[in-house]
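Notes follow once the structure below has been shown.
Computed from the coordinates by the stated procedures, all read-outs in this text should not be read as laboratory data. These figures come from a predicted structure and were not determined experimentally. Here the Cβ positions follow ideal geometry from the backbone for every residue, glycine too, while neighbour counts run over all protein chains shown.
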Amino acid sequence: MQRKHFDKMSCPIARSLEHVGEWWSMLIMRDVLHGMTRFDEFQKSLGIAPNMLTRRLNVLVEAGLLERRR
């Protein structure tokens with residue numbers, strides 16, 4: 001079965017699935033919805049390697065699903 005791509009669809013929810021379909025991203029978004037905002041909070045909650053967390057956060061920021069703030 002071929003994977004369907006949603007990145008060209010007009011629906012923003014469908015386009016977001018291209019980025020949150022990866023399971024680390026789903027867990028990061030869950031933590032965001034629970035109020036987490038800091039790198040160390042995500043790392044502690046998920047037990048994820050810092051380099052992997054950095055990559056996933058960068059993808060979510062580039063997709064416009066998250067934004068960096070001081």
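Some observations on this one:
- The chain: calculated mean residue ellipticity at 222 nm from DSSP helix runs of at least 4, using -39500 (n - 2.57): -17500 deg cm²/dmol
- Inter-probe distance in nm under a simple model that places probes 7 Å from Cα toward Cβ, at residue 38 and residue 7: 3.4 nm
- Relative contact order (percent, whole number), the chain, Cα cutoff 8 Å, 6+ residue spacing: 25 percent
- As a ratio to 2.2 N^0.38 Å, the alpha-carbon radius of gyration computed for the chain takes the value 1.15.
- DSSP loop GluC sites (Glu not before Pro) with at most 16 other Cβ within 10 Å excluded, longest remaining stretch of the chain: 23-66
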